[in-house]
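Worksheet for the structure shown next.
Read the figures in this text as sums done on the coordinates, not as results from a lab. Source: prediction; values computed, not measured. All Cβ positions, glycine included, derive from the backbone under ideal geometry; neighbour counts span all protein chains shown.
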Amino acid sequence: MAYKRLLLKWSGEALAGKNGFGLDADALDRAAELVRRLVENGHEIAIVNGAGNFWRGRLSKNMDRTEADQIGMLATVMNGIALRDALTRQGLKAELMTAVPMPTVAEPVDAVKARRFLDEGKVVIFAGGTGNPFFSTDSAAALRAAMIHADVILKATQVDGVYDKDPHRFPDAVRYDTITYDEILENRLGVIDATAAALCRDFNLSLLVFSNSDPDLVIRAAKGEKIGTLVVAER
């Protein structure tokens, strides 16, 4: 096993199914089944999910950014509740932690408690982003990965790795097998935002970027197969 403790970074859209909005029961079941397979393979799983299936950006250019980001943070909690339910129905023990205080819904984020949950074989879902506006769920994933001492962040995207330019627009785009966070920042490659890249670099976190086209790729990536692009602090 290449990676034992995993931080899965999922987009909200991954839970929306074909409709592209809201929550889809089949999509939730598929996500939960994938996590169950990872747990059965001996991995310890934490999850940070986005909110794009409910909310993205601002309602209008006149909307205050702080208010918009707070709506997005609440949307991640809704996704977290639904995911916790789906995981429980798969026979897993799951704990939901949120950076936005709501004690009747979820535990507050606590690094020591989260690591203990993972040691006990529970799946930990981190919701509420960082708890602050102006930070993406990429930044939240980096923070939570550092907190739990994750071996790797797994990020499934619409492309099969990190390229030197947009592969959808440029047929001659070249995919990297390995790249550093400094190279991502210097070349503005945009696979994760600058804050998240800097956090991952400073905490020496590995990030594996690969295609979301096949759930089995997650299983293979967790085992350490050479899939996608591995982003590291230094070569």
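Between H43, H149, H168, the GNM of the chain built on Cα springs shorter than 10 angstrom shows H168 fluctuating the most.
Qualifying trypsin sites (Lys or Arg not before Pro) in segment 123-172, where qualification requires a DSSP coil assignment and no more than 16 other C-beta atoms within 10 Å, comprise K165, R169. Here r is the Cβ-Cβ distance between S211 and H149 and R0 is 30 Å; the resulting FRET efficiency, rounded to 0.05, is 0.65. Largest GNM mean-square fluctuation among A145, A27, A156, using the chain with Cα springs under 10 Å: A27.
Set the Cα radius of gyration of the chain against 2.2 N^0.38 Å, with N its number of residues, and you get 0.96. Only helices enter the 222 nm calculation for the chain: every DSSP H run of n ≥ 4 contributes -39,500 (n - 2.57), and dividing by all residues gives -11500 deg cm²/dmol, rounded to 500. Projecting the Cα atoms of T157, F170, L118 onto the dipole axis of segment 5-232, where Lys and Arg carry +1 and Asp and Glu carry -1 at the beta carbon, places L118 farthest toward the positive end. Other residues within the sphere of radius under 14 Å centred on the Cβ of V105, judged by their own Cβ, net out at -2 (K and R +1, D and E -1).
Using a cut-off of 11 Å between beta-carbons, work out the net charge of the residues near R201 (Lys and Arg +1, Asp and Glu -1, R201 not included). Summing Lys and Arg as +1 and Asp and Glu as -1 gives -4. Amide H contacts under 5 Å for G128: T76, V77, A99, restricted to partners 5 or more places along the chain or on a different chain, H placed in the peptide plane at 1.01 Å from N.
The distance between label points at T104 and D26 comes to 3.5 nm (points 7 Å beyond Cα on the Cα→Cβ vector). Taking every alpha-carbon pair under 8 Å whose residues sit at least 6 apart, the chain reaches a relative contact order of 21 percent. Taking the Cα centre of segment 60-205 as origin and assigning +1 to Lys and Arg Cβ atoms and -1 to Asp and Glu Cβ atoms, the resulting dipole is close to 440 debye. Each other residue within a Cβ distance under 13 Å of T137 adds +1 if Lys or Arg and -1 if Asp or Glu, for a net charge of 0. Between E44, E95, E225, the residue with the greatest mean-square fluctuation in the GNM of the chain (Cα pairs under 10 Å linked by springs) is E225. Pairs of alpha carbons in segment 52-153 separated by more than 18 Å make up 49% of all such pairs.
If only the Cβ of Lys and Arg carry +1 and only the Cβ of Asp and Glu carry -1, the dipole of segment 1-110 around its Cα centre is close to 280 debye.
Based on the Kirkwood approach, the hydrodynamic radius assigned to segment 133-215 is 13.4 Å, with every pair of different Cα atoms included. Full extension of the chain segment joining N204 with F134 gains 22.9 nm, where the gain is 0.36 nm per residue of separation less the Cα-Cα distance.
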